[in-house]
Amino acid sequence: MAFNISERYNCVVIEFKGNVMGGPDAVSLNEKLHELIEEGKNNIVVDLSKVKFMNSSGLGMLIGGLTTLRKSGGDLRICNAGDKIESLLIVTKLITVFKHYKTLEEAVESFDDSEE
């Protein structure tokens with residue numbers, strides 16, 4: 001798995017690509033999240049549009065990121081989950097844990113709504 005980071009308005013967008021399987025990727029993502037938090041950037045959107053497959057370790061990686069960000073007063077939201085990923089989130093009941101959006105724009109805008 002690879003990920004790209006960009007900033008949009010009031011949040012950071014992390015775009016995952018390929019297979020999300022945890023392992024070393026989880027370590028590099030966790031390190032990056034801590035760097036962002038230190039910079040005062042703790043509103044994160046994870047774009048899953050280019051993810052082909054995600055296993056339980058990949059889900060664990062997202063949960064770890066969510067926990068880290070919420071402890072720092074921020075949030076991690078997901079968007080563009082394909083049918084397979086969305087089904088995985090529903091089966092594991094994680095769909096109720098994450099704030100999820102159909103589009104990146106909706107996810108980014110959701111941070112504006114929560115600050116009012």
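Rule-based calculations on the coordinates, nothing more; no lab input. Everything numeric in this text was worked out from a predicted model, so none of it was measured. Virtual Cβ from ideal backbone geometry, glycine too; neighbours counted across all protein chains shown.
Only Cα pairs under 8 Å and 6+ residues apart enter the sum, and on that basis the relative contact order of the chain stands at 26 percent. Across the options Gly22, Asn10, Val97, the greatest Cα extent toward the positive end of the charge dipole of the chain (unit charges at beta carbon of Lys, Arg, Asp, Glu) belongs to Gly22.
Full extension of the chain between Ala2 and Lys93 yields a length gain of 30.2 nm, computed as 0.36 nm times the residue separation minus the alpha carbon distance. In the chain, the calculated helix contribution to ellipticity at 222 nm averages -14000 deg cm²/dmol per residue, counting -39,500 (n - 2.57) for every DSSP H run with n ≥ 4. With both partners inside region 2-108, how many of the DSSP beta bridges are antiparallel, as a percent to the nearest 5? Within region 2-108, antiparallel bridges account for around 30 percent of the total. Using the Cβ-Cβ distance between Met21 and Asp112 with R0 set to 35 Å, the FRET efficiency from 1/(1 + (r/R0)^6) comes to roughly 0.60. Give me the Debye-computed log₁₀ of I(q)/I(0) at q = 0.19, 0.22, 0.23 Å⁻¹ for region 5-70, equal point scatterers on Cα only, no solvent, two decimals. Relative scattering, expressed as log10 I(q)/I(0), comes to -0.70, -0.94, -1.02.
For the chain, the percent of C-alpha pairs falling in each 5 Å distance bin, counted from 0 to the bin holding the largest distance, reads 2, 12, 25, 28, 21, 10, 2, 0.
In summary, the lysines within cross-link reach of Lys52, defined as a Cα separation below 28 angstrom excluding same-chain residues under 8 places away, comprise Lys17, Lys32, Lys41, Lys84, Lys93, Lys99, Lys102. Full extension of the segment from His34 to Ser56, taken as 0.36 nm per residue of separation minus the current Cα-Cα distance, would add 5.7 nm. Take each peptide in 20-31, 68-79, count the other Cβ atoms within 10 Å of every residue, and average; sorted highest first, the result is 68-79, 20-31.
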